[in-house]
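Bear in mind that the values in this text are calculations on the coordinates, not laboratory data. On a predicted model such as this, the values are computed, not experimentally measured, just so you know. Cβ placement follows ideal geometry from the backbone for every residue including glycine, while neighbour counts extend to all protein chains displayed.
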Amino acid sequence: MTIRVVVADDQELVRSGFAMILDAQEDIEVVAEAGDGAAAVEAVDRLAPDVVLLDIRMPVLDGIEACRAISARSACRAVMLTTFDADEYVYEALHAGASGFLLKDVRRDDLVHAVRVVAAGDSLLAPSVARRLIEEYTAATARPAGVPALSADRLEVLTARERETLLHLGRGRSNAEIAAELTVSEHTVKSHVGNVLAKLGLRDRIQAVICAYETGLISAGS
């Protein structure tokens, strides 16, 4: 199955470079390029791709608003691109529905891997971005205005094992690592993760990380 991708960045060299790398893969096809957020939304509406790469800072409509619009009316998965791991919009982009977050200096193989992972329904963060998210953007003191905290009562629907699974998700651990910690199979962990996402109404593992911090299950720096 071919993964159909839209690449959106206002820098033509960056945009064409990413498109060239992805188009060289047998299982990936770049169906459109866009130079601003509005054009990206239009391309996604028209072409229904599997994945869209969105630069956070674009003219006309920025990447966050484009991501929010796309997530509200499409199954297309968004991967946000930025130059800095300390970008102040990381947290807001994830709340807008982003499924991944990468730095623009990402290695060729990691870019391709990210598109495949996100297209398969999982989520992905560059390690430095994940650290930034955990240390800054999910801390209560760093929460942007207008983004409400989640009540710890929300976790009462989870079993003890599901809460433990959410704790490990919040710490950025993979299914294999969680399985080793809990002494269970990866299949069992996958089932627990699915239950956590379904019961809490979360889209993916990234939202689970945010939930773990905002409900106080994990505190920044722990």
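Got at least one residue in segment 172-181 being acidic (Asp, Glu) and closer than 23 Å to Leu124 by Cβ? Steps first, answer last, please.
Of the residues in segment 172-181, the ones acidic (Asp, Glu) are 177, 181.
Now restrict to residues that are closer than 23 Å to Leu124 by Cβ: 177, 181.
Yes, segment 172-181 contains a residue that is acidic (Asp, Glu) and closer than 23 Å to Leu124 by Cβ.
Figure legend. Inter-residue proximity from segment 38-51: first residues more than 10 Å from Ala69 (Cβ to Cβ), second residues surrounded by 20 or more Cβ atoms within 10 Å (Cβ to Cβ) and hydroxyl-bearing (Ser, Thr, Tyr), beta-carbon distance below 9 Å, spacing 6+ or different chains. Indicated pairs: Val51/Ser99.
Within segment 26-40, how many residues are under 18 Å from Gly100 (Cβ atoms) and crowded, with 16+ Cβ neighbours inside 10 Å?
To start, the set of residues in segment 26-40 that are under 18 Å from Gly100 (Cβ atoms) comprises 27-28, 30, 34, 37, 40.
After this cut, where a residue has to be crowded, with 16+ Cβ neighbours inside 10 Å as well, the list is 28, 30, 34, 37, 40.
So the answer is 5.
For Thr183, state whether it is hydroxyl-bearing (Ser, Thr, Tyr) and at negative phi.
Numbers: hydroxyl-bearing (Ser, Thr, Tyr): yes; at negative phi: no.
No.
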